[in-house]
Amino acid sequence: VESIASTPNTTPAKAGAQLGTGNDEAPRVSGNAPWHGNLVTAAADAFTTSFAPETHHAITLEKHLPIASGIGGGSADAAATLRALARLHGVPPTDPRLHEIAAKLGADVPACLANRTTLGTGKGDTLTNLEGLSGTPLLLVNPGVAVSTAAVFKTWDGYDRGPIPEGNLLGRALEGRNDLELPALALAPVIAEVRTLLDTAQGVILSRMSGSGATCFALFETPEARDTATAAAQAKGWWTLATTLA
C-alpha cells in the first residue's frame, strides 16, 4: 500500500547513499508513535552490502501514509526502496537476495516486495500468490489515532484461535478474523466507529481492521460503492485511501 501513496525515488548521486524527504510531513495522527529506526536507510544499506553497486544513489521519500496506523508503511517503504535500487542498478527483480534482505528487515517486508496480493505463512515471509481478487475496489480508513503495536500485543490475551480456514479465497477471507482487533479497540474505541461505517456501507464485501490498527479496510463490489464510502469517511475528517487490490 505504501508504494501507492508514498514513493521512494532513486537517482544516481556523486558520492555515497543520500536520503532526503520530498514533503514536509506525513499525515498526522494523535498519540505517541515511537520511532524504531529508518527502514529506508536500512534497506539501502543492506542492498549496498549485498550487491556492492559500482555507482552511488540518492533516495527521496515522499511520505503520505499516517504513522503507527497498522498498514506496514515503513515495511512497504523498505520494499519499494529495494525495488527502486534494483531497477537503478540493473538487478533483476527476481534475484533471491532481494527476498533475503526483505526477510531480515521484517516479517512483512517480503509481501511488500512482492507488491501483489499474497498469503503469508510462517512468520509471514513464506508467500503464496493469490489469484481472483485483483482489481477489487479497496478502501483504507484511519480515524486519526495512533495505536502502538507494542501496546496492542501487551493487551492481547495471547489465545490461539486457530488457523485461517480452508476453502475458496473469498470464503477464507470472510471467515477470517484479526485477533488484535479486541485489544486495539480497548486502546482506541473509535475503531468501532470505522468498522460500523464500513460494515454498513452499500456494496461492501468485507471489512476488517488492518494489522494492529487503527486503520481499517474494506473490499467493495464496485468502484462507485467504494467512492461513496470514501466520501462518508472523509465527512468525518478521517484519512482515506481509495485504491484496488493488486
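The values are calculated or read from the model by the stated rules, or taken from the named source; none is laboratory data. Since this is a predicted model, take the numbers as computed values, not measurements. Note that we place each Cβ from the backbone using ideal geometry, even for glycine, and neighbour counts take in every protein chain shown.
What to note about this one:
- Within segment 45-63, the set of residues being of a type in the set (Val, Ile, Thr) and in contact (Cβ under 8 Å) with a residue 40 or more places away in the chain comprises 55, 59, 60.
- Considering residues of segment 48-91 that are of a type in the set (Lys, Arg) and crowded, with 17+ Cβ neighbours inside 10 Å only, the residue farthest from residue 120 (Cα to Cα): 63
- Matching option when the condition is under 25 Å from residue 147 (Cα atoms), touching a helix residue (DSSP H, G or I) at 6+ places or on another chain (Cβ under 7 Å), part of a loop (DSSP other than H, G, I, E, B) and not aromatic (Phe, Trp, Tyr), among 70, 124, 120, 74: 124
- Of all residues in segment 118-173 being of a type in the set (S, T, N, Q) and farther than 14 Å from residue 212 by Cβ, the one that is modelled with the lowest pLDDT: 168
- Exactly one residue out of 149, 136, 94, 118 is surrounded by fewer than 15 Cβ atoms within 10 Å (Cβ to Cβ), more than 15 Å from residue 39 (Cα to Cα) and among the polar types (S, T, N, Q), and it is 94.
- Residues (of a type in the set (Phe, Trp, Tyr), farther than 14 Å from residue 138 by Cβ and not in a loop (DSSP other than H, G, I, E, B)) located in segment 210-246: 239
- For segment 176-185, the criterion of a residue being of a type in the set (D, E, K, R), assigned to a strand (DSSP E or B), surrounded by 14 or more Cβ atoms within 10 Å (Cβ to Cβ) and not assigned by TED's automatic domain parsing to the domain that holds residue 65 is satisfied by no position.
- Of all residues making up segment 49-67, the number that are within 21 Å of residue 104 (Cβ to Cβ) and assigned to a loop (DSSP other than H, G, I, E, B): 2
- Per the conditions (1) under 20 Å from the mean Cα position of the chain (by Cα); (2) at positive phi, the sole criterion not satisfied by residue 180 is (2).
- Test: residue in segment 201-208 that is in contact with a Phe, Trp or Tyr (Cβ under 8 Å, 6 or more places away or on another chain), in contact (Cβ under 8 Å) with a residue 24 or more places away in the chain and within 18 Å of residue 70 (Cα to Cα): yes
- Sole exception among (1) at pLDDT below 90; (2) within 23 Å of residue 137 (Cα to Cα); (3) of a type outside the set (Val, Ile, Thr) for residue 197, by number: (1)
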